[in-house]
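Where a number appears in this text, it was derived from the coordinates with a stated rule and is not lab data. As the structure is a prediction and not an experimental result, all values here were calculated from the model. Positions of Cβ are generated from backbone atoms using ideal geometry, with glycine treated the same way; all protein chains shown enter the neighbour counts.
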Amino acid sequence: MMDRPTTLDALIQRSLQIDDRLEDRRQARDHQHSRLLAPVLPSRSTPTAELPVEPTQLGAARPRLSPSEKTRRREGNLCLYCGGSGHYARSCPKKMPVAGKPPTSVAEGPSNMGSQSMQEGPSPVELRHLMVPVRLYPPGGPWILTHALVDSGATRSYMDAAFAAHHQVPLQNKPEPVQVEAIDGRLLRSGAVTRETQPLVLCLQQHREVRTLDIASMPRFPLVLGMDWLEAHNVQIDWVNRTVHFPDPCPHALSEMLAAAPTEEAVPTLPAVYRDYQDVFKERGADQLPPHQSFDCGIDLQPGAPLPVSRLYSLTEPEREALQDFLRKNLERGFIRPSTSPTAAPVLFVKKKCGELHLCHDYRALNKITI
């Protein structure tokens, strides 16, 4: 009997584990059924020469067969996958499990009232991999929900090129190309890595950080967190429960970086009469919550009072963009988190002098039941 997950990250991890088990059982059932039906054919050809396969290439992609090799295997009743006799490619014992389908969208489009695009890459099939659920906040776009492979064998951290293109993650050229080596020291045929993501926010559990990820072709994994990430955070890995634990405090966490950031210069457009209170007008101070004090006040509700429930309603395009911008900024700051609670409050928008929309919450229903 499994314990019921109590957090969103735990629920995502449990869902991935269940999906892995179902996929493993289906693969085993299909493989056993194919072996019972596959005819045993005599070999009419000499043993096939092994094709050169590059070791430990990202994504474990197999080289394509040449037209002549395909013809030779078909004429010899040989397996198109491994070149052996006595079975077909669909029941080849050397075939690796299929990693999954290309990433698809489960919540995307203007009809979602500014809700974040919850996207996932291919589901992991093999339980021996350490996969962790992560959230990405690309600059100027909706946040992305996916999973990452924690791999100490990779020297750097990567994002799959197809995954980045599918989610329209902003990219930039690397200052210098980076050569990628296989486990035997040979350079990969895919060439040097020349592109990387623009700085984005990466969230894992309650940890948030800003980093760039190299772009490479990795069909099996949308993200890889390599040794550069492991060394930077010095995380502890619980291999039994397949969880990652961060030190407290983590020097590379977004909250620590903001706290250590240099102070801003005086606001140039602030009138002289308000210069003594210029810290009130700085946006940097709004990125952090005040520290807890011994006299913190609680927000208590009337016992048994029904919680307010808001309805969905349509938004104009400018309102939807303002809502997306509000959600992105406050998720990055850690002020809010994703929730499925039916309790909600409506929002309205007030136009500023500059033409932008300011989002306001209507908490009147909540205030009525607050003590």
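In whole Hz, what ³J(HN,Hα) sequence does region 342-357 give by Karplus (6.51, -1.76, 1.60; θ = phi - 60°), x for Gly and Pro?
x, 6, 7, 9, x, 10, 9, 10, 10, 7, 7, 5, 7, x, 6, 9
Past 28 Å, Cα to Cα: identify those pairs from K174/K329; K174/K353; K174/K352; K329/K351, in the order given. Don't skip to the end; give the middle numbers.
Numbers: K174/K329 26 Å; K174/K353 40 Å; K174/K352 39 Å; K329/K351 19 Å.
Table pairs above 28 Å Cα-Cα are K174/K353; K174/K352.
Show the residues, 5+ positions off or on another chain, whose built amide H is closer than 5 Å to the amide H of R195.
K174, I215
Take each of the peptides 163-175, 341-353, average the number of other beta-carbon atoms within 10 Å over its residues, and list them starting from the highest. Don't skip to the answer; put the middle values down first.
Values: 163-175: 15.5, 341-353: 11.5.
Ranking, from highest mean packing down: 163-175, 341-353.
Using modelled amide H (1.01 Å from N, peptide plane; none on Pro or chain starts), what sits under 5 Å from the amide H of L130, excluding residues fewer than 5 places away?
Long-range HN contacts for L130: V150.
Determine ³J(HN,Hα), in whole Hz, for all residues of region 68-81 in sequence, where each value follows from phi through the Karplus function 6.51 cos²θ - 1.76 cosθ + 1.60 and θ = phi - 60°; x replaces Gly and Pro.
5, 5, 4, 4, 4, 5, 5, 5, x, 6, 9, 5, 6, 8
Taking θ as phi - 60°, what are the ³J(HN,Hα) couplings along region 162-179 by the Karplus curve (6.51, -1.76, 1.60), each to the nearest whole Hz, with x for Gly and Pro?
5, 5, 5, 5, 5, 8, 6, 6, x, 10, 8, 6, 6, x, 9, x, 10, 7
Could you pull out every residue, at least 5 positions away or on a different chain, whose amide H is within less than 5 Å of the one on A154? Hs are placed 1.01 Å off N in the peptide plane, and Pro or chain starts have none.
M227
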